[in-house]
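Only one structure is covered here, and it is reproduced in the block below.
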Amino acid sequence: MKAVYSDYVESAEYIRSKITEAGQKMPKLAIILGSGLGCYADTLEDPVTIPYKDIPHFPVSTVSYQKGELVCGLRGNVPVLAMNGRFHYYEGWEMWQTAYPIGVFKLLGIEKLIITNAAGGISTDYRPGDLVAITDHIKLSPDSPVRGANIPEFGERFFDMQDVYDKSMIALAKRKAEELGFTIKEGVYGYMSGPQYETPAEIRMLGMLGATVVGMSTVAEVIFAAQCKLPVLCISCVSNMAAGITGAAITEEEVLETGKVVSERFTALVDALVASL
Ligand code: HPA
(Lines give C-alpha, C1' and ligand atoms only; values in the text may rest on other atoms or scores of the structure.)
Protein backbone atom coordinates (compact mmCIF):
# COMPACT_ATOMS: atom_id res chain seq x y z
CA MET A 1 0.00 0.00 0.00
CA LYS A 2 1.18 3.47 -0.89
CA ALA A 3 2.18 5.57 2.11
CA VAL A 4 -0.31 8.08 3.48
CA TYR A 5 0.43 11.61 4.60
CA SER A 6 0.60 10.68 8.31
CA ASP A 7 3.43 8.21 7.53
CA TYR A 8 5.55 11.04 6.12
CA VAL A 9 4.67 13.19 9.15
CA GLU A 10 5.78 10.44 11.56
CA SER A 11 9.07 9.92 9.67
CA ALA A 12 9.75 13.66 9.68
CA GLU A 13 8.89 14.04 13.38
CA TYR A 14 11.32 11.27 14.32
CA ILE A 15 14.13 12.81 12.28
CA ARG A 16 13.41 16.31 13.61
CA SER A 17 13.50 15.04 17.20
CA LYS A 18 16.91 13.38 16.67
CA ILE A 19 18.38 16.52 15.11
CA THR A 20 17.04 18.92 17.73
CA GLU A 21 17.87 16.59 20.66
CA ALA A 22 21.48 16.71 19.46
CA GLY A 23 21.37 20.52 19.51
CA GLN A 24 21.87 20.72 15.76
CA LYS A 25 20.19 23.40 13.62
CA MET A 26 17.55 22.17 11.18
CA PRO A 27 18.97 21.97 7.64
CA LYS A 28 17.45 23.73 4.63
CA LEU A 29 19.58 21.81 2.14
CA ALA A 30 19.54 18.05 1.55
CA ILE A 31 21.95 16.01 -0.55
CA ILE A 32 21.34 12.52 -1.89
CA LEU A 33 24.70 10.80 -2.28
CA GLY A 34 25.11 8.50 -5.26
CA SER A 35 27.27 5.41 -5.77
CA GLY A 36 30.87 6.03 -4.78
CA LEU A 37 30.07 9.50 -3.39
CA GLY A 38 28.90 8.39 0.07
CA CYS A 39 32.15 9.55 1.64
CA TYR A 40 30.82 13.13 1.52
CA ALA A 41 28.79 12.26 4.62
CA ASP A 42 32.05 11.62 6.52
CA THR A 43 33.12 15.23 5.93
CA LEU A 44 30.18 16.67 7.90
CA GLU A 45 31.07 18.16 11.28
CA ASP A 46 29.14 17.44 14.51
CA PRO A 47 27.21 14.73 12.69
CA VAL A 48 23.91 13.33 13.90
CA THR A 49 23.55 9.92 12.28
CA ILE A 50 20.09 8.40 11.91
CA PRO A 51 19.93 4.84 10.50
CA TYR A 52 17.04 4.35 8.08
CA LYS A 53 15.96 1.26 10.01
CA ASP A 54 15.15 3.45 13.04
CA ILE A 55 12.96 5.92 11.12
CA PRO A 56 9.27 4.99 11.13
CA HIS A 57 8.01 4.02 7.63
CA PHE A 58 11.40 4.62 5.97
CA PRO A 59 12.61 1.99 3.51
CA VAL A 60 16.00 0.40 4.26
CA SER A 61 18.51 0.32 1.41
CA THR A 62 19.79 -3.08 0.33
CA VAL A 63 22.76 -2.00 -1.78
CA SER A 64 25.73 -3.52 0.02
CA TYR A 65 28.16 -0.60 -0.24
CA GLN A 66 25.57 2.05 0.65
CA LYS A 67 25.28 2.80 4.32
CA GLY A 68 21.56 3.38 4.81
CA GLU A 69 21.61 6.40 7.06
CA LEU A 70 20.80 10.06 7.18
CA VAL A 71 23.59 12.28 8.41
CA CYS A 72 22.84 15.82 9.53
CA GLY A 73 25.97 17.87 10.09
CA LEU A 74 27.72 21.12 9.39
CA ARG A 75 29.83 22.22 6.44
CA GLY A 76 31.32 25.65 7.11
CA ASN A 77 28.63 26.26 9.74
CA VAL A 78 25.76 25.45 7.34
CA PRO A 79 23.62 22.49 8.39
CA VAL A 80 23.26 19.88 5.65
CA LEU A 81 21.15 16.73 5.60
CA ALA A 82 22.89 13.98 3.64
CA MET A 83 21.23 10.78 2.52
CA ASN A 84 23.92 8.12 2.51
CA GLY A 85 22.31 5.33 0.51
CA ARG A 86 19.18 5.67 -1.61
CA PHE A 87 16.40 3.37 -2.78
CA HIS A 88 16.31 1.96 -6.28
CA TYR A 89 13.47 0.36 -8.20
CA TYR A 90 15.78 -2.55 -9.10
CA GLU A 91 16.06 -3.48 -5.42
CA GLY A 92 12.37 -4.39 -5.55
CA TRP A 93 10.94 -1.20 -4.04
CA GLU A 94 7.83 0.33 -5.55
CA MET A 95 8.61 3.55 -7.34
CA TRP A 96 6.83 5.65 -4.68
CA GLN A 97 9.07 4.03 -2.04
CA THR A 98 12.21 5.03 -3.92
CA ALA A 99 11.04 8.67 -3.68
CA TYR A 100 9.67 8.46 -0.12
CA PRO A 101 12.46 10.55 1.48
CA ILE A 102 11.58 13.54 -0.71
CA GLY A 103 8.19 13.98 0.98
CA VAL A 104 9.91 13.66 4.36
CA PHE A 105 12.49 16.30 3.36
CA LYS A 106 9.69 18.66 2.36
CA LEU A 107 8.07 18.26 5.79
CA LEU A 108 11.42 18.85 7.49
CA GLY A 109 11.61 22.29 5.83
CA ILE A 110 14.21 21.41 3.21
CA GLU A 111 14.17 24.14 0.54
CA LYS A 112 16.78 22.89 -1.92
CA LEU A 113 17.91 19.46 -2.97
CA ILE A 114 21.20 18.33 -4.49
CA ILE A 115 20.93 14.89 -6.09
CA THR A 116 24.01 13.01 -7.20
CA ASN A 117 24.44 9.75 -9.03
CA ALA A 118 26.86 7.65 -11.00
CA ALA A 119 25.86 7.35 -14.65
CA GLY A 120 27.03 5.85 -17.91
CA GLY A 121 28.20 8.38 -20.49
CA ILE A 122 26.33 8.21 -23.80
CA SER A 123 27.69 11.43 -25.30
CA THR A 124 31.19 11.00 -26.69
CA ASP A 125 31.89 14.53 -25.39
CA TYR A 126 32.15 12.94 -21.95
CA ARG A 127 34.94 10.99 -20.30
CA PRO A 128 34.77 8.84 -17.14
CA GLY A 129 35.23 11.19 -14.19
CA ASP A 130 33.32 14.09 -15.79
CA LEU A 131 30.65 15.79 -13.72
CA VAL A 132 27.48 16.60 -15.64
CA ALA A 133 24.71 18.97 -14.49
CA ILE A 134 21.40 17.41 -15.51
CA THR A 135 19.03 19.80 -17.28
CA ASP A 136 16.24 17.33 -18.13
CA HIS A 137 15.42 13.63 -18.16
CA ILE A 138 13.75 10.87 -20.16
CA LYS A 139 11.87 8.09 -18.40
CA LEU A 140 10.61 5.34 -20.69
CA SER A 141 9.18 3.17 -17.93
CA PRO A 142 5.48 3.90 -17.38
CA ASP A 143 5.60 3.87 -13.59
CA SER A 144 5.62 7.07 -11.54
CA PRO A 145 6.35 7.70 -7.85
CA VAL A 146 3.13 9.73 -7.60
CA ARG A 147 0.89 7.17 -9.26
CA GLY A 148 -2.11 6.23 -7.10
CA ALA A 149 -4.02 8.31 -4.59
CA ASN A 150 -2.66 11.85 -4.65
CA ILE A 151 -1.49 13.36 -1.38
CA PRO A 152 -2.72 16.94 -1.74
CA GLU A 153 -0.47 18.23 1.07
CA PHE A 154 2.47 17.60 -1.28
CA GLY A 155 0.94 19.19 -4.36
CA GLU A 156 -1.38 18.94 -7.31
CA ARG A 157 -2.41 15.71 -9.01
CA PHE A 158 -1.06 17.06 -12.33
CA PHE A 159 2.03 19.21 -12.09
CA ASP A 160 4.60 20.88 -14.28
CA MET A 161 8.01 19.27 -14.78
CA GLN A 162 9.70 22.01 -16.81
CA ASP A 163 11.55 23.86 -14.06
CA VAL A 164 12.46 21.12 -11.59
CA TYR A 165 16.13 21.09 -12.67
CA ASP A 166 16.75 24.56 -11.30
CA LYS A 167 18.49 26.76 -13.85
CA SER A 168 19.98 29.14 -11.31
CA MET A 169 21.51 26.26 -9.33
CA ILE A 170 22.94 24.79 -12.55
CA ALA A 171 24.48 28.17 -13.42
CA LEU A 172 25.90 28.47 -9.90
CA ALA A 173 27.36 24.94 -10.04
CA LYS A 174 29.03 25.70 -13.37
CA ARG A 175 30.46 28.95 -12.01
CA LYS A 176 31.75 27.35 -8.82
CA ALA A 177 33.36 24.52 -10.79
CA GLU A 178 35.16 27.07 -13.01
CA GLU A 179 36.44 28.81 -9.86
CA LEU A 180 37.72 25.45 -8.64
CA GLY A 181 39.46 24.86 -11.96
CA PHE A 182 37.28 22.32 -13.74
CA THR A 183 34.32 22.33 -16.09
CA ILE A 184 30.89 20.85 -15.54
CA LYS A 185 29.12 19.81 -18.69
CA GLU A 186 25.33 19.76 -19.13
CA GLY A 187 23.27 16.75 -20.08
CA VAL A 188 20.01 14.84 -20.21
CA TYR A 189 19.56 11.80 -17.96
CA GLY A 190 17.99 8.68 -19.46
CA TYR A 191 16.43 6.49 -16.77
CA MET A 192 16.60 2.72 -17.13
CA SER A 193 15.25 0.51 -14.36
CA GLY A 194 18.12 -2.02 -14.31
CA PRO A 195 19.71 -3.75 -12.50
CA GLN A 196 21.33 -5.05 -15.69
CA TYR A 197 23.34 -2.48 -17.58
CA GLU A 198 21.90 -1.60 -20.97
CA THR A 199 22.46 -3.25 -24.33
CA PRO A 200 24.28 -1.27 -27.03
CA ALA A 201 20.97 -0.99 -28.95
CA GLU A 202 19.24 0.48 -25.91
CA ILE A 203 22.01 3.03 -25.56
CA ARG A 204 21.79 3.93 -29.26
CA MET A 205 18.04 4.44 -28.79
CA LEU A 206 18.55 6.66 -25.73
CA GLY A 207 21.18 8.65 -27.60
CA MET A 208 18.82 9.20 -30.54
CA LEU A 209 16.13 10.38 -28.14
CA GLY A 210 18.50 12.98 -26.70
CA ALA A 211 19.83 11.36 -23.52
CA THR A 212 23.52 12.01 -22.87
CA VAL A 213 23.89 9.93 -19.70
CA VAL A 214 22.09 6.82 -18.44
CA GLY A 215 21.38 5.66 -14.91
CA MET A 216 19.10 3.68 -12.63
CA SER A 217 18.16 6.24 -9.99
CA THR A 218 17.24 9.90 -9.50
CA VAL A 219 14.21 10.30 -11.75
CA ALA A 220 11.60 9.16 -9.21
CA GLU A 221 13.13 11.51 -6.63
CA VAL A 222 13.06 14.38 -9.11
CA ILE A 223 9.40 13.77 -10.03
CA PHE A 224 8.28 13.85 -6.40
CA ALA A 225 10.48 16.93 -5.83
CA ALA A 226 8.69 18.64 -8.74
CA GLN A 227 5.33 17.89 -7.15
CA CYS A 228 6.56 19.25 -3.79
CA LYS A 229 8.05 22.30 -5.54
CA LEU A 230 11.53 21.49 -4.24
CA PRO A 231 14.16 22.87 -6.64
CA VAL A 232 16.77 20.28 -7.61
CA LEU A 233 20.36 20.42 -8.71
CA CYS A 234 21.34 17.04 -10.11
CA ILE A 235 24.98 16.21 -10.75
CA SER A 236 25.89 12.96 -12.46
CA CYS A 237 29.37 11.57 -12.23
CA VAL A 238 30.21 9.76 -15.47
CA SER A 239 31.55 6.54 -14.02
CA ASN A 240 31.92 4.63 -17.30
CA MET A 241 31.06 5.00 -20.95
CA ALA A 242 27.65 3.42 -21.64
CA ALA A 243 27.23 0.06 -23.41
CA GLY A 244 28.57 -0.05 -26.94
CA ILE A 245 30.25 3.38 -26.79
CA THR A 246 33.76 2.00 -26.33
CA GLY A 247 32.91 -1.70 -26.30
CA ALA A 248 34.54 -2.15 -22.88
CA ALA A 249 32.66 -4.29 -20.34
CA ILE A 250 30.85 -2.30 -17.62
CA THR A 251 31.40 -3.42 -14.06
CA GLU A 252 30.18 -2.24 -10.67
CA GLU A 253 33.84 -1.98 -9.56
CA GLU A 254 34.54 0.56 -12.30
CA VAL A 255 31.47 2.58 -11.32
CA LEU A 256 32.52 2.72 -7.67
CA GLU A 257 36.20 3.34 -8.44
CA THR A 258 35.43 6.39 -10.60
CA GLY A 259 33.24 7.76 -7.79
CA LYS A 260 36.21 7.54 -5.44
CA VAL A 261 38.52 9.25 -7.91
CA VAL A 262 36.19 12.23 -8.36
CA SER A 263 35.09 12.44 -4.72
CA GLU A 264 37.62 15.18 -3.90
CA ARG A 265 36.38 17.39 -6.74
CA PHE A 266 32.82 16.58 -5.92
CA THR A 267 33.30 17.46 -2.23
CA ALA A 268 34.92 20.78 -3.17
CA LEU A 269 32.04 21.59 -5.51
CA VAL A 270 29.34 20.71 -2.99
CA ASP A 271 31.13 22.76 -0.32
CA ALA A 272 31.21 25.76 -2.63
CA LEU A 273 27.51 25.30 -3.34
CA VAL A 274 26.60 24.86 0.32
CA ALA A 275 28.34 28.13 1.10
CA SER A 276 26.44 30.05 -1.56
CA LEU A 277 22.98 28.48 -1.80
N1 HPA B 1 24.07 2.31 -17.05
C2 HPA B 1 23.13 2.45 -16.09
N3 HPA B 1 23.42 2.87 -14.86
C4 HPA B 1 24.68 3.20 -14.59
C5 HPA B 1 25.71 3.08 -15.54
C6 HPA B 1 25.39 2.60 -16.85
O7 HPA B 1 26.22 2.47 -17.74
N8 HPA B 1 26.86 3.47 -14.94
C9 HPA B 1 26.52 3.83 -13.66
N10 HPA B 1 25.23 3.67 -13.44
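Between Y90 and S144, the contour length at 0.36 nm per residue exceeds the Cα-Cα span by 18.0 nm.
Restrict the search to region 204-277; then list the trypsin sites (Lys or Arg not before Pro) that DSSP places in a loop and that have at most 11 other Cβ atoms within 10 Å of their Cβ. Please report the intermediate quantities before stating the final value.
Working: sites: R204, K229, K260, R265; in loops: K229.
Nothing satisfies the criteria.
When each of the peptides 80-88, 250-258 is scored by the mean number of other C-beta atoms lying within 10 Å of its residues, the order from highest to lowest reads 80-88, 250-258.
Net charge in the neighbourhood of S35 (other residues with Cβ under 15 Å of its Cβ; Lys, Arg +1, Asp, Glu -1) is -3. Close amide H contacts of A243 (hydrogens built in the peptide plane, cut-off under 5 Å, sequence separation of 5 or more or a different chain): E198.
Out of the total accessible area of region 5-276 (probe 1.4 Å, heavy atoms of protein only), what percent is carbon and sulfur?
52 percent
Just to confirm a number: summing +1 for Lys and Arg and -1 for Asp and Glu over residues other than F58 whose beta-carbon lies under 13 angstrom from that of F58, what do you get? Spelling it out: positives minus negatives among the neighbours equals -2. A Gaussian network model of the chain, with springs between Cα atoms under 10 Å, assigns the largest mean-square fluctuation among M208, M241, M216 to M208. Towards the positive end of the charge dipole of the chain, with charges on Cβ (+1 Lys, Arg; -1 Asp, Glu), say which of I122, S141, A171 has the farthest Cα. Among I122, S141, A171, the one farthest towards the positive end of the dipole of the chain is A171.
Under a 5 Å amide H to amide H cut-off, with H placed in plane at 1.01 Å, what residues pair with G34 once short-range neighbours are removed? Amide H neighbours of G34, under 5 Å, 5+ apart: T116, N117. Dipole size of the chain about its Cα centre, with +1 on Lys/Arg Cβ and -1 on Asp/Glu Cβ: approximately 380 debye, rounded to the nearest 20. Entry comment: accessible area of region 5-276 is 42 Å² per residue, from protein heavy atoms only and a probe of 1.4 Å. Counting Lys and Arg as +1 and Asp and Glu as -1 over every other residue whose Cβ lies under 13 Å from the Cβ of S193, the net charge comes to -4.
Given the options G38, G23, G210, state which has the largest fluctuation in a GNM of the chain using a 10 Å cut-off (strictly under) for Cα springs. Taking springs between Cα atoms under 10 Å, the residue moving most is G23. In order along region 55-62, the Karplus-derived 3J(HN,Hα) couplings, from 6.51 cos²θ - 1.76 cosθ + 1.60 at θ = phi - 60°, round to 8, x, 6, 6, x, 10, 5, 10 Hz, and Gly and Pro are given as x.
Considering every alpha-carbon pair of the chain, the percent of pairs per 10 Å bin, from zero through the bin containing the longest distance, is 7, 31, 38, 20, 3, 0.
The values are calculated or read from the model by the stated rules, or taken from the named source; none is laboratory data. Since the model is a prediction, treat every value here as computed from it, not as a measurement. Positions of Cβ are backbone-derived with ideal geometry, glycine not excepted, and every protein chain shown enters the neighbour counts. Note: areas computed on protein heavy atoms with side chains; ligands, DNA, RNA excluded. Shrake-Rupley method; radii C 1.70, N 1.55, O 1.52, S 1.80 Å.
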